[in-house]
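The values are calculated or read from the model by the stated rules, or taken from the named source; none is laboratory data. Since the model is a prediction, treat every value here as computed from it, not as a measurement. Neighbour counts are summed over all protein chains in view; Cβ atoms, including those assigned to glycine, are modelled from backbone coordinates with ideal geometry.
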Amino acid sequence: MTDKTSHDKPWGGRFTESTDAFVEAFTASVSFDQRLYRYDIEGSRAHARMLAHVGVLGNDERDAILDGLDRIERQIEAGEFEWSVSLEDVHMNIEARLTALIGEAGKKLHTGRSRNDQVATDLRLYLRDQIDAVCAELRRLQTGLLDLAEREADTIMPGFTHLQVAMPVTFGHHMLAWFENLQRDRDRFTDSRARVNVMPLGAAALAGTSFPIDRHYTAKLLGFDAPAENSLDAVSDRDFVIEFCANAALTLTHLSRFSEELILWASAQFDFIDLPDRFCTGSSIMPQKKNPDVPELVRGKTGRVTGHLMSLLMLMKGQPLAYNKDNQEDKEPLFDSVDTLLGCLRAFADMIPAVQVKADNMRRAAASGYSTATDLADYLVRKGVPFRDAHEIVGSAVRIGIDSGRDLTEMELSELQALSPAIGEDVFEVLTLEGSVSARKHFGGTAPQQVRAAIARARERLA
Ligand code: ARG
C-alpha cells in the first residue's frame with residue numbers, strides 16, 4: 001500500500017494540512033471493502049452508460065471509462081492492483097486508478113453520484129449474489145435431508161420432550177422437521193432479496209443530483225427491480241444488512257440446535273449415529289477420541305453471527321438521516337456473517353448425506369422408557385374410558401413397570417386388566433413401536449406412509 005498527503009486525495013481541495021497518519025489508517029476501509037470491487041466496477045459501468053445515454057458524457061468518454069474499468073478489473077483479479085490506504089476505500093482506489101489510466105474522462109465518472117449512493121449500491125449488488133449462494137446451499141442441504149429421510153423412513157427412534165423419552169417417532173420424520181426449519185429460512189432469504197434489490201444510485205450524497213440522470217435506465221442495467229423511492233432513505237438505509245444478519249442468525253440457530261442433536265446422538269451414551277471420520281477429529285492425548293468437531297463449530301459460530309446482528313442494530317440506533325460514517329462499520333459484521341453462514345451450510349450439506357444411522361440402538365432406546373404409554377391411554381379412550389381416567393390408569397401401570405424393571409409390553413395381561421377391565425388381548429398390538437408410529441397416520445404425522453408422502457411433497461416444494 002502506498003502513501004499520499006490529503007492534497008492528493010480526491011476530496012483534498014479544501015484541506016490545508018495532510019491527514020494525520022493514524023487517522024488515515026483509522027478511517028480507511030479499503031482493507032475490507034476491497035472485496036466489493038466487482039460490484040463497484042459493475043455499478044460504475046452502468047453509471048457511465050447512463051451518463052452517456054442522457055448526454056452528460058460523450059460516447060468516447062463512456063468507452064474510455066468502460067475500457068479503463070475492464071483493465072482495472074483484470075488487474076485486481078490478477079492480484080496486480082496496488083490498494084492504497086491513503087485512498088481510503090475501494091471506491092476512491094478504483095476511481096483514482098481509472099484517472100491514472102485514461103486521464104480526463106476518468107475524472108468525469110463521479111458526475112452525479114457520491115460514495116454514499118455508491119457504497120449502498122455496491123453492498124446491495126454484493127448481498128443479492130450472496131443471498132443466491134445461501135439459497136443454493138440451503139437447497140443442497142434440504143435435498144440431503146430428504147434423501148436421508150427417505151432412507152430412514154421406517155427407522156424408529158425415541159422422540160423426546162424435555163430430552164426425556166416421549167413417544168416413538170420415525171427418524172425420517174425427525175429429519176423432515178429440520179427440512180421445514182430450513183424451508184422457512186430459505187423463504188425468509190428469498191423474501192428479503194426483493195427488499196435488497198432496490199437501487200440507491202442517483203441519490204448521490206443525499207438529495208439527488210442536478211444532472212438529468214435516468215435512474216430507471218441504470219436500475220435496468222444493474223438488474224435492480226427499481227430505483228429507491230427516496231434519496232435520503234437510499235443512502236442511509238441499512239435495514240437490508242440487518243435483515244440478512246437476522247436471517248443468518250436464525251438459520252444458524254436452527255443448525256446449532258440440529259448440531260446439538262448430532263453431538264448427543266454421536267456420544268457413547270446415545271450411540272444413535274456415526275459421523276464419518278472425515279467430519280471428525282481426534283484428541284492429541286486421548287487415543288480413543290473421535291470428536292464431532294463440525295457440529296460443535298457450527299454451534300459455536302452461531303453465537304458469533306448473533307453477535308454481528310446485535311452490533312448492526314446498535315450501529316444504526318443512534319443515527320440521524322442521512323449517511324453517516326458509522327455505516328462503514330456495517331461491512332465487517334456483514335462479510336463475516338456471510339462467510340460464516342456459507343461455511344456452516346456447506347459443512348452441513350456435505351455431512352448430512354453421510355450420517356450413518358444405528359437403527360438397532362435407536363430402536364432399543366425407543367423400546368425402553370415407556371414411550372408407548374400414550375398409546376395405551378388412547379386405547380382405553382377408544383374403549384370408552386375418559387382420557388383423564390385413562391391417564392391415571394396408565395400412570396399406575398408405568399409405576400408398576402418401574403418398580404419391577406419391566407416395560408409395558410413385558411407385563412401380564414392380567415396385571416393390566418387389574419388396573420382396568422377395559423383392557424383386552426388386543427392391547428399388545430398398540431403397545432408395539434410399529435403400532436405406535438403407524439397409528440399416527442394423519443397429515444403431518446410420524447407414520448412411515450405419511451413420511452413418504454411428506455417427502456414427495458417436499459421434493460415438489462424444492463423444485
Ligand atoms: N467507505 C465508506 C463506507 O463504507 C464509503 C462512503 C463514504 N462516504 C463519505 N461521505 N465519507 O461507508
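A few points about this structure:
- Members of region 165-182 found to be out of contact with any helix residue (DSSP H, G or I) (no Cβ under 7 Å at 6 or more places or on another chain) and either closer than 18 Å to ARG457 by Cβ or charged (D, E, K, R) (or both), listed by number: HIS174, ALA177, GLU180
- In region 58-120, counting only helices (runs of 4 or more DSSP H) that sit wholly within it, the ones holding 3 or more residues that are within 16 Å of the ligand (Cβ to nearest atom) span 90-102.
- Residues located in region 151-168, provided they are buried (at least 24 other Cβ atoms within 10 Å of the Cβ) and either hydrophobic (A, V, I, L, M, F, W, C) or within 18 Å of ILE263 (Cα to Cα) (or both): ILE156, MET157
- Hey, ASP350 away from the ligand (no atom under 16 Å from the Cβ), of a type in the set (D, E, K, R), surrounded by fewer than 14 Cβ atoms within 10 Å (Cβ to Cβ) and closer than 28 Å to TRP178 by Cβ or not: no
- Test: residue in region 298-305 that is within 23 Å of PHE171 (Cβ to Cβ), touching a strand residue (DSSP E or B) at 6+ places or on another chain (Cβ under 7 Å) and at pLDDT 95 or above: no
- Those helices (runs of 4 or more DSSP H) of region 342-461 in which 1 or more residues are in contact with a Gly (Cβ under 9 Å, 6 or more places away or on another chain) occupy 359-367, 373-382, 413-419, 427-431, 433-439.
- Restricted to region 121-156, and to residues there that are over 30 Å from ASN230 (Cβ atoms) and acidic (Asp, Glu), the residue that is farthest from the ligand (Cβ to nearest atom) is ASP154.
- Only listed residue being on the phi > 0 side of the Ramachandran plot, surrounded by fewer than 19 Cβ atoms within 10 Å (Cβ to Cβ) and more than 16 Å from the ligand (Cβ to nearest atom), chosen from GLY343, GLY369, GLY307, GLY303: GLY369
- A Cβ distance below 9 Å, combined with a sequence gap of six or more or placement on separate chains, defines the contacts here; from region 316-329, residues that are without any contact (Cβ under 8 Å) to a residue 24 or more places away in the chain reach residues that are part of a helix (DSSP H, G or I) and near the ligand (Cβ under 10 Å from one of its atoms) in the pairs GLY318/ASP326.
- Condition met for ALA219 (surrounded by fewer than 16 Cβ atoms within 10 Å (Cβ to Cβ), out of contact with any Lys or Arg (no Cβ under 7 Å at 6 or more places or on another chain), without any contact (Cβ under 8 Å) to a residue 60 or more places away in the chain and among the hydrophobic types (A, V, I, L, M, F, W, C)): no
- Of the residues making up region 47-88, those that are surrounded by 22 or more Cβ atoms within 10 Å (Cβ to Cβ) and closer than 14 Å to ARG113 by Cβ are HIS47, ALA48, MET50, LEU51, LEU57, ILE65.
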